Each structure stands twice: as C-alpha cells, then as structure tokens.
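Read-outs throughout are calculated quantities, based only on the coordinates presented, and are distinct from any laboratory measurement. Keep in mind that this is a model prediction, so the values were computed, not measured. We place every Cβ from the backbone using ideal geometry, glycine too, and count neighbours over all the protein chains shown.
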Amino acid sequence: MTGSAGKTRNVFLVWFVWPLITLGIYHFVWWYKINCEARDFDARIRVSPGVSLLAILLGWIIIIPPFVSVFNTGARIARMQRAAGIEASCNPWIGLILTFVFSLHSLYYQMELNKIWAKYGDPGEGTTVRLEA
C-alpha cells in the first residue's frame, strides 16, 4: 500500500511566526493542509478537510466542535505514524490540552507530522511513499 507524503514544516514558524504575520489566517490554511495530508497519506483514514476546517472556524458558536476536531486530528496523526511503521507518539489528549496553552497544539502536531516525513527521508510534498502497516 502506498500514500502521498506531506510537507516538512518548521514547527516554530507554524505555531508562531506565520499566524502572527497573517493575523491568524495561516493557522486555518495549515489546519486544512494537514488534514488533506492525512487523507492523502493513508486511504484508510477518512477525513473531510473542509469539515475539519469548518469545525475550527465556525464551531466556536457551539463550543464543542473545535475541540473534537483537534482531538480527531491528533488521532489521525497517530494512525499516520502507525501506517508509516513508527511508534504512534502523537497523543490526541496532549494536543487537546495544549490547545489551552498558547495554542501549542499546532507546534505539537507539526512536530509529530515531521517525524513521519523524517522516517521517509523528508521526501518532497506529494511524493509516493510505501506504508508499512
């Protein structure tokens, strides 16, 4: 089974610099992209990046959806790690808690995604990679 590699990103830029420069817009673009990467990496991972983004953008009205999206994205990253043949070190509970600490969930999740791409030798975005599990 094969999948499509995602992009290795600088965790500090993802968490602090780009959102600061773009007045927060980058976070939403990044959220959409990492959910697309999960879908494209492993066909067994069912996710609608648009719905995940909507939960983050408009879910605050109902309060619960953004937290569900953060948790589910962490679980997807853990599944991606297992599919890559590495230990699933991404914990969605930690991601959820870090949401309340300066939005550190984005730093944490990108760090965990970078572990996957490092396993494959940091391939270019969209490169076909072989899944282990």
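One table, with the values for the structure above:
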item	result
Inverse of mean 1/r across different Cα pairs in the range 2-120, Kirkwood, Å	14.2
Dipole magnitude of the chain about its Cα centre (Cβ charges: Lys, Arg +1; Asp, Glu -1), debye to nearest 20	160
Spatially proximal aspartates and glutamates relative to residue 119 (Cα-Cα < 12 Å; intrachain offsets below 8 disregarded)	87, 132
Restricting the range 17-52 to trypsin sites (Lys or Arg not before Pro) in coil, as DSSP defines it, with at most 14 other Cβ within 10 Å	44, 46
